[in-house]
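Novice: Pasting a structure below so you can have a look.
The values are calculated or read from the model by the stated rules, or taken from the named source; none is laboratory data. All figures in this text were calculated on a predicted structure; none of them were measured in a lab. We place every Cβ from the backbone using ideal geometry, glycine too, and count neighbours over all the protein chains shown. Surface areas here come from the heavy atoms of the whole protein model, side chains and all, with no ligands, DNA or RNA. Shrake-Rupley method; radii C 1.70, N 1.55, O 1.52, S 1.80 Å.
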Amino acid sequence: MVVEQQKTEKTLNPTAIGLRPGLEGVPVSQSSICDIDGIKGELTYRGYPIAELAAQSSFLETTYLLIWGELPSTQQLRDFEREVQMHRRVSFRVRDMMKCFPATGHPMDALQSSAASLGLFYSRRAIDDPQYIYDAVVRLIAKIPTMVAAFQLIRKGQDPIQPRDDLAYSANFLYMLTEREPDPLSARIFDRCLILHAEHSLNASTFSARVTASTLTDPYAVIASAVGTLAGPLHGGANEDVIKMLEEIGTPENASSYLNEAISNKRKIMGFGHREYKVKDPRASILQSLAEELFARFGKDNMYEVALALEEAAESHLGKKGIFPNVDFYSGLVYRKLGIPKDLFTPVFAISRVTGWLAHWREQLGANRIFRPSQVYTGEKPRQWKPAEERSST
Ligand code: ACO
């Protein structure tokens, strides 16, 4: 029997006691990795505008830039790509472990467990050794996509397929997932999606990564904790919920009434709102254009019309509060067109964001102090323990 504890805690006024719920506006680290102007709707990685990188760069080049601070030379990029390619395979032990996961489990839980399991294979915590850091970066960037694709096949009752060395990073992931070599446009658009999701300053999962990193634990634990944080519907998990919401709305004509009903019942519109942006997220605009590129080539998705109608309806209701589409609003429409199942949208986000987490891991180690904030205690004053028969049941 569950006995509900009587609430005795006082709730104090957060402002009066100096609390900043959700740490809004509280700087907790210095960083030179990425910058956001939430009023102008601008995002840069190491000083480069996101639109330029999404148009010109590749995901692995952007990864190199984010983690080591500068764009690689041709040789550096070639070496990095080759290293990543060589480490794409995962041990049969990891694959066998994944076969024991329930097929009905969420792929984010499978990813969190398998990312953590890498620490069992590479447990040395030599985090002041640049070679150890380089190897950990290469392994994680290389193996996370393989693990996401492997769980997809395993849960369907199939054996995972091996990476193909003749395929580049993004094409290889789509191949391992769908068992078909993707057309060049799909592979390029997927690569651009990875660039767009690679880093976004001190969001919840990156903060989680930095807190874990600050204890000097291994990078696999850092990434596993960040994956768990990304999974929540207020963060990366929103991309899956957006598509579910669009399907529930069903037609563009229903968008306005859905919105009104949600707002009057104090329900959030998934894929809208951001702590940093008070305008439309620049990544949402680029993802929208990527979705349109795919629709032009492979045919429209009816849910796109629903999304457009919802965005239009939301403009007058939420726009005045600075609530606009965020990165998760249009990404699912791109992934759907690429044949990626809904519950893999957030793992796909993780494939990309592992880059940002690793960049912050490295930066944290460079000037580390363990995170240990304080709290304001609102519980009981010291009191005496009583035997069970003398306690009143509440
Ligand atoms: N739909 C409706 N109202 C919203 C939304 C939304 N999506 N987002 C914020 N609001 C409203 C809140 O109800 C609140 O209104 P009130 O002041 O009248 O009570 C006000 O805006 C502030 O909202 P908070 O939740 O306090 O804003 P916060 O900065 O803490 O949260 C967040 C930001 C979590 C992204 C929020 O906008 C949200 O829950 N959005 C929906 C989930 C989502 O899309 N998450 C993905 C974000 S992007 C990413 O993490 C990759």
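Novice: What Kirkwood Rh does the chain have if only Cα atoms enter the pairwise 1/r average? Answer in Å.
Specialist: About 22.6 Å for the chain.
Novice: Name the most mobile residue of ARG20, ARG124, ARG275, meaning the one with the largest mean-square fluctuation, in a Gaussian network model of the chain with Cα contacts below 10 Å.
Specialist: Of ARG20, ARG124, ARG275, the Gaussian network model singles out ARG20 as fluctuating most.
Novice: What residues qualify as long-range amide H neighbours of GLU42, i.e. H under 5 Å apart, gap of 5 or more or another chain, H built at 1.01 Å from N?
Specialist: Amide H neighbours of GLU42: ASP37.
Novice: Tell me, what % of the accessible area of segment 238-337 is carbon and sulfur with a 1.4 angstrom probe?
Specialist: Values: 2200 of 4490 Å².
Reported share for carbon and sulfur atoms: 49 percent.
Novice: With θ set to phi - 60° and the Karplus curve 6.51 cos²θ - 1.76 cosθ + 1.60, what are the ³J(HN,Hα) couplings of segment 21-32 in order, to the nearest whole Hz, using x for Gly and Pro?
Specialist: x, x, 6, 4, x, 9, x, 10, 7, 9, 8, 10
Novice: Ok, one more. With +1 on the Cβ of every Lys and Arg and -1 on the Cβ of every Asp and Glu, and nothing else charged, how large is the dipole of the chain about its Cα centre, in debye rounded to the nearest 20?
Specialist: Numbers: 46 positive and 47 negative charges, 219 e Å.
Charge dipole, the chain, about its Cα centre: 1060 debye, nearest 20.
Novice: Something else: Hey, what's the Kirkwood Rh for segment 252-305 if you take every pair of different alpha carbons, in angstrom?
Specialist: Taking the inverse mean of 1/r over all distinct Cα pairs, segment 252-305 comes out at 13.3 Å.
Novice: Once you charge only the Cβ atoms, +1 for Lys and Arg and -1 for Asp and Glu, what is the size of the charge dipole of segment 84-166 about its Cα centre, to the nearest 20 debye?
Specialist: Here the size comes out at about 240 debye.
Novice: Along the Cα-to-C-beta direction of LEU120, a point sits 7 Å from the Cα; which residues of segment 199-220 have their amide N less than 16 Å from that point?
Specialist: Zone members listed by number: 220.
Novice: For ASN302 and MET97 in one chain, what is 0.36 nm times their gap in residues minus the Cα-Cα distance, to one decimal in nm?
Specialist: Length difference between fully extended and current span is 69.9 nm.
Novice: Where does the chain land at 222 nm, in deg cm²/dmol rounded to the nearest 500, when only DSSP H runs of n ≥ 4 count, each adding -39500 (n - 2.57), divided by all residues?
Specialist: Rounded to the nearest 500, it is -17500 deg cm²/dmol.
Novice: What's the longest piece of the chain with no exposed GluC sites (Glu not before Pro), counting a site as exposed if DSSP puts it in a loop and it has at most 10 other beta carbons within 10 Å?
Specialist: 71-379
Novice: Report the Stokes-Einstein translational diffusion coefficient (µm² s⁻¹, integer) for segment 134-270, Rh taken as the Kirkwood radius over Cα pairs, at 37 °C with viscosity 0.692 mPa s.
Specialist: Approximately 185 µm²/s, per Stokes-Einstein.
Novice: Hey, what do the phi angles of segment 45-55 turn into as Karplus ³J(HN,Hα) couplings, whole Hz, using 6.51/-1.76/1.60 and θ = phi - 60°, x for Gly and Pro?
Specialist: Along segment 45-55, the couplings run 9, 6, x, 8, x, 4, 5, 5, 5, 5, 7 Hz.
Novice: Among ILE269, GLN75, SER316, which residue has its Cα furthest toward the positive end of the charge dipole of the chain, with +1 on Lys/Arg Cβ and -1 on Asp/Glu Cβ?
Specialist: After comparing all options, I get ILE269.
Novice: If you take the charge dipole of the chain about its Cα centre, with +1 on Lys and Arg Cβ and -1 on Asp and Glu Cβ, which of TYR122, SER186, GLY18 is farthest toward its positive end?
Specialist: The residue sitting farthest along the positive end of the dipole is GLY18.
Novice: Sticking with this structure for a sec: P(r) for segment 85-149, please, calculated from all Cα pair distances in 10 Å bins and given in %.
Specialist: 19, 52, 24, 5, 0
Novice: For LEU365, put the label point 7 Å out on the Cα→Cβ axis and report which residues of segment 141-164 keep their amide N under 12 Å from it.
Specialist: none
Novice: Ok, one more. Based on C-alpha coordinates, I'd like the Rg and Dmax of segment 41-97, in Å.
Specialist: In order Rg, Dmax, the Cα atoms of segment 41-97 give 14.8, 45 Å.
Novice: Straight-line reach from LYS280: which lysines fall under 20 Å, measuring Cα to Cα and dropping same-chain residues less than 8 apart?
Specialist: Within the straight-line cut-off, LYS280 pairs with LYS40, LYS268, LYS320, LYS321.
Novice: Could you estimate the translational diffusion coefficient of segment 19-173 from the Stokes-Einstein equation, with Rh from the Kirkwood formula over C-alpha pairs, at 37 °C and 0.692 mPa s, in whole µm²/s?
Specialist: D, rounded to a whole number, is 182 µm²/s.
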